[in-house]
Amino acid sequence: MRSLLFVPADDANKQKKALASATDAIILDMEDSVAIGNKVTARTTIAEFYALPHGDKIIIIRINALDTPLWQDDIRAILPFAPHYILIPKARSGADIKTINDLINTDAKARAKTKIIAIVTELPESLFNMASFKNSGEALAGMTWGAEDLSAEIGAQTNKDAQGIYFPVYQLARSYCLLGAAHAGVLAIDSVFTNFKDIQGLKEETQRAKIEGFHGKMLIHPCQIDTVNEVFTPTEDEIEHAKLVIETIEQSSSGGVAQLNGEMIDQPHYRRALSLLKHVNFN
């Protein structure tokens, strides 16, 4: 998944537009995008959404947080549809993942299809519990992060400086997400870029995310899709280089160390190349 576009769960028109867009995945948002008085409407609208053809779109549903009285009704409403992913906001620790994982396992259709993505930095306690997400349930497939809720929890006025660079505490949260995902053996997905009019800023942030190890990015506006898809699509040169690294290492007589174009390569290079090719077809 290169691009994951947020769409309000109670807005059928925006959902239809998202289905016609180039985004890889649609996040039907039952949480922040839906006013408290529209939570029931959102569940009904999702049922109507599943009556539409989805093509090859990946469907993700963000439920309300597990520290609210809303999430259980959300789960009851969406589990029969067995979405590709359930997005858990404000995940406090691996215990929250296990709770949803166990509920997925109660439904045969969902058990065979539905995975979990967790937002793991929206609460301060989540950062201190990052290691707990490993082995929290077989359904966990991705981890992502967010700065907006975290800044509200901290009481900050903003999370970026005048140059649009995250303040250190949010860079730390981002890094923790990346490290936590690697520790858990799941995909790391970068957070949203909120200034949807700044396409150049989006491109630069997405390029950094790709270089650092993120596999995709969440989006808040359709105008961001093309940029993110372009950045996260491996180039022909990247693909050919990865194939060459794999071939060189596998044919090495030294058992894993080789020379390629004047550079020594070893197992970390080999694993990165395998990872790139693994996600080419998935993208």
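What follows is calculated from the coordinates using simple rules that are stated; it is not laboratory data. This one's a predicted model, so the numbers in the text were calculated from it and none came from an experiment. In this analysis, Cβ positions are derived from the backbone assuming ideal geometry, glycine residues included, and neighbour counts consider all displayed protein chains.
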Would you calculate, for the chain, the mean residue ellipticity at 222 nm contributed by helices, counting each DSSP H stretch of 4 or more residues as -39,500 (n - 2.57) and dividing by all residues, to the nearest 500? -13500 deg cm²/dmol
By the gyration tensor of its Cα atoms, with a ≥ b ≥ c the square roots of the eigenvalues, what is the shape of segment 1-128: rounded for a/c under 1.5, prolate for a/b over b/c, or oblate? rounded
Two-site label geometry, Gln251 and Thr68: point separation in nm, points 7 Å out along Cα→Cβ: 5.6
Sequence neighbours fewer than 8 away in the same chain don't count; with that in mind, list the lysines whose C-alpha is under 23 Å from Lys197. Lys14, Lys16, Lys17, Lys160, Lys210, Lys217
Label model pair Ala182, Lys16: point-to-point distance (7 angstrom along the Cα→beta-carbon line) in nm is 4.6
By the Cα gyration tensor axes a ≥ b ≥ c (a/c under 1.5 gives rounded; else a/b larger than b/c gives prolate, otherwise oblate), the shape of segment 128-190 is prolate
Which residues' amide hydrogens lie under 5 Å from the amide hydrogen of Lys160, considering only partners 5 or more residues apart or on another chain, with H built in the peptide plane? Phe167
How would you classify segment 101-255 from its alpha-carbon gyration tensor, with a ≥ b ≥ c the square roots of the eigenvalues: rounded for a/c under 1.5, else prolate if a/b is greater than b/c, otherwise oblate? oblate
